[in-house]
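Data block below; observations after.
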Amino acid sequence: MKISSLQNARYAYQPKLPGMLCNGIADICVKEGSETQSVADQEKIQALFPNTYGKKEITFQKGENTSEAKKQVVGVILSGGQAPGGHNVVCGLYDALKATDKENVLYGFKGGPSGLIEDDYVIFDDEFINQFRNTGGFDIIGSGRTKLETQEQFAIVAEVCKKHGITALVIIGGDDSNTNAAVLAEYFAANNAGVQVIGCPKTIDGDLKNEDIECSFGFDTATKTYSEIIGNIERDATSAKKYWHFVKVMGRSASHVALECALQTQPNVCLISEEVAEKKMSLAQITDIIADSVAARAAKGLNFGVAIIPEGVVEFVPEFSVLIHEINELLAGSRADEFNALPSWDAKYDFIKNGLTAESMEVFAILPQAIQQQLFLERDPHGNVQVSLIESEKLFSAMVKENLAARKANGTYNGKFNALHHFLGYEGRCAFPSNFDSDYCYSLGYNAFMLIQYGYTGYLSKISNLSEPAESWIAGGMPITKMMNMERRHGEDKPVIKKALVELDGAPFKYFAERRAEWSENTCFVYPGAIQYYGPSEVCDATTITLALEQGK
C-alpha cells in the first residue's frame, strides 16, 4: 500500500501531553475537589445512580503515586459517528497502560458497543497500533450506534468482561454514548462486577461541553476543514462574481459548527438555530434576512455571496416544528399507506390540504415543491419525518429567489441572483486531526488510564485549560452524572447528558453578532487555508476561535 509523505510524517509526530503527565505516572497523585450533583433533576438522577452519584471531581498533580499496583486488562470501544482524533485516544490509552506495566493488555472491541455484545475484538500490540497514530477516522476498530441500555445487554457485557478478565472499559463517544457509559458503570457497581467504566468526550458538533468539558474532540479539526472549504468557496465567489453559495454544515441540535466556521471565514450570512428559536423567527423572516443581504450587495454591484446554514435550523422555526408535528399525526398508522397509494402529487397535495390546519397549510404552501415532497419521503423507524433529509440550503435559496422576484416586481431590487449549494458533512469527520486534536485526544486517552489506575468509575476523562499551550493543560476527571438531567425520550423520562447549545449571551455569539451587519453588505471574507501541522506554534497549535473567545483570549 502506498503511503503519503504526510501520513508518514504524522505517524512520527509525538503528541504533547499536559506537563504533569509528561514524565510518566510514577509521581502523579490525586487532588480531590468537592462532591458533585447533577445539572438538574438531582433527586431523580441520584435515585437512578445510587452507587455512582455525587462523587468528587478530581485533578492529577505531582506527588507520590498511591494507586494500587495490579495488572490491568482494559477494553475500549468507539461509539457513534466518527470524529478526528479518535485513534489518538486509543493510542494514548495504550501507551499509558504499557508504560505502567508491559503486562497490561488492551482489547479493542470492533464495531462499537455491538462488539462488546458479540465478543468481537482485537488485542492491540505495538505493530498494530502504530499504523493509526495521529490519523483520522475510526477504522482502527470501527464504530457503531448500538446503545447499551438494557439489563440483558449489561449482563452479556459483564460476562464478556469476566471471560477476558477485563478490569475496565473506556467508551469513546458523544452525549448518548457517555450516558450509556454512566448507566453501565452504575450496573457494574451495583452488581460488584469489578469493572470500571470511563468515558471520553467526542463529537464534531461541539454540543458535549460545559463548565468542565471545554471542548469535545474532533470539533477543532472538523471546523478547520469546513472553514478551509468555505474559504475556497469565498475566493471562488469573489473571482467569478456571479454566484451566491448556500453552504449547509453539520449540527442537528446546535449551531457551534456554523458559528465557528463563520468566525473563521466571515461570510455574508450565517444562521444560528438557537437565535431562530429564541426570537421565534418564521421562514419568511429568515428569508428576508438573507434577501436583504443579497439586495444590499447587489446595490453595490456585488451579485455574489456566501451563506452558512446549520443542518438542523428548520427544526428551530416554531411554525415549521408545528407543521412537522401535524404531518407526523396526519400519516400515523394506516393513513401512511393510504397516502402512498395516491396516484399523483396533485392527489397527495389535496390529501395534505384537507389534513393540516389552515396555519400549517399556509406554511406548507410557501415551500418549494421539491421541499414539500421531501417532507413525505422515507420516514424514520417511528414513522416521523426525517428532518435531517430536508435540504435546507436549497429551501432557503429557493425562498430567497421568490422573495427577490417580488422585490424586483415592485422596483426595490434590480440585481442578479444565481445560487449554488453545498453540504459539508462527511468531509470533516475523518480528516487528519489538527495538532490540537492530536494532542488533546492523546491526552484524553492517557488520562483515562490514570483514572482507571486510581480506581475511578463513572467518570469522564477531563483535560482543561485548553486555550493555553499543552504543557499548561490540567488533567483530571469528573463524574458523568454531574452533566445529567431528565428528558422525555420515546414516551419515557430518561437520564441523559444535557446538550450544550450556542449561548446567545456568550462571547463567541456576541463577537459574531457585533460584526455580521458589516459582513452582510461588504466582502469581508477570510481564507483560512489548509490545516497546518508544521511551523510556528501560533499557527499549528491554535485552537478554535470559539474556545479562545470563551476563555477571554
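The values are calculated or read from the model by the stated rules, or taken from the named source; none is laboratory data. As the structure is a prediction and not an experimental result, all values here were calculated from the model. Virtual Cβ from ideal backbone geometry, glycine too; neighbours counted across all protein chains shown. Remember, those area values only see protein heavy atoms, side chains included, never the ligands or the DNA or RNA. Shrake-Rupley method; radii C 1.70, N 1.55, O 1.52, S 1.80 Å.
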Is the C-alpha gyration tensor of segment 187-332 telling us rounded, prolate or oblate? Criteria: a/c under 1.5 is rounded; beyond that, a/b larger than b/c is prolate, otherwise oblate.
oblate
So what's the convex hull volume per residue for the Cα atoms of segment 1-101, in Å³?
193
Per residue solvent-accessible surface (Å²) - the chain, probe of 1.4 Å:
41
Show me the GluC sites (Glu not before Pro) within segment 430-530 that DSSP assigns to loop and that have at most 16 other Cβ atoms within 10 Å of their Cβ.
GLU503
Rounded to 5, percent antiparallel among DSSP beta bridges of segment 1-145:
70
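Convert 37 °C to kelvin, take the viscosity as 0.692 mPa s, use the Kirkwood radius over C-alpha pairs of segment 122-260 as Rh, and evaluate the Stokes-Einstein diffusion coefficient in µm²/s, rounded to a whole number. List each step's numbers first, then the result.
Working: Rh = 18.2 Å.
D, rounded to a whole number, is 181 µm²/s.
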When all alpha-carbon pairs of the chain are counted, what percent fall beyond 35 Å?
41
Leaving out same-chain residues fewer than 8 places away, which lysines sit with a Cα under 26 Å from that of LYS2?
LYS110
Can you list the lysines whose alpha carbon is less than 22 Å from that of LYS462, not counting same-chain residues fewer than 8 positions off?
LYS16, LYS31, LYS55, LYS56, LYS62, LYS98, LYS202, LYS209, LYS482, LYS498, LYS499, LYS553
Value of [θ]222 nm, deg cm²/dmol, for the chain, DSSP H segments ≥ 4, -39500 (n - 2.57) each, nearest 500
-12500 deg cm²/dmol
Binned at 5 Å from 0, what are the whole-percent values of the Cα-Cα distance distribution for segment 373-506, short to long?
2, 7, 9, 9, 12, 13, 12, 11, 9, 7, 5, 3, 1, 1, 0
Provide the gained length on full extension for the span GLU159 to ARG252, in nm with one decimal, where the gain is 0.36 nm per separating residue minus the Cα-Cα distance.
29.8 nm
Give the span of segment 445-519's Cα atoms along each principal axis, as three whole-Å numbers ordered largest to smallest.
54, 47, 15
Cα long-axis angle, helix 507-521 against the chain (0 to 90 degrees, to the nearest 10)
30
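What shape does segment 72-182 have by the C-alpha gyration tensor, where a ≥ b ≥ c are the square roots of the eigenvalues, rounded means a/c under 1.5, and otherwise prolate means a/b greater than b/c and oblate the rest?
It comes out oblate by the Cα gyration axes.
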Multiply the residue gap between GLU127 and TYR349 by 0.36 nm, knock off their C-alpha separation, and tell me the result in nm, one decimal place.
73.9 nm
In a solvent-free Debye calculation with one equal scatterer on each Cα, what is log10 I(q)/I(0) for segment 476-546 at q = 0.14, 0.23 Å⁻¹, listed in the order of the q values?
-0.83, -1.07
Between 0 and 90°, nearest 10: helix 345-355 axis offset from the chain longest Cα axis:
80
Low-density loop cleavage sites - GluC sites (Glu not before Pro) in segment 25-102, where at most 12 other Cβ are within 10 Å (DSSP)
GLU64, GLU68
How far is helix 435-453 tilted off the main Cα axis of the chain, in degrees rounded to 10, range 0 to 90?
40
In the chain the DSSP beta bridges are antiparallel at a rate, in percent to nearest 5, of 45
Counting only Cα, what are the radius of gyration and maximum Cα-Cα distance Dmax of segment 386-439, in Å?
18.4, 57
Nearby lysines by direct alpha-carbon distance to LYS408 (threshold 25 angstrom, same-chain neighbours under 8 apart not counted)
LYS241, LYS242, LYS300, LYS394, LYS416
In segment 70-124 the accessible area split gives carbon plus sulfur, as whole percent at 1.4 Å, a share of 44
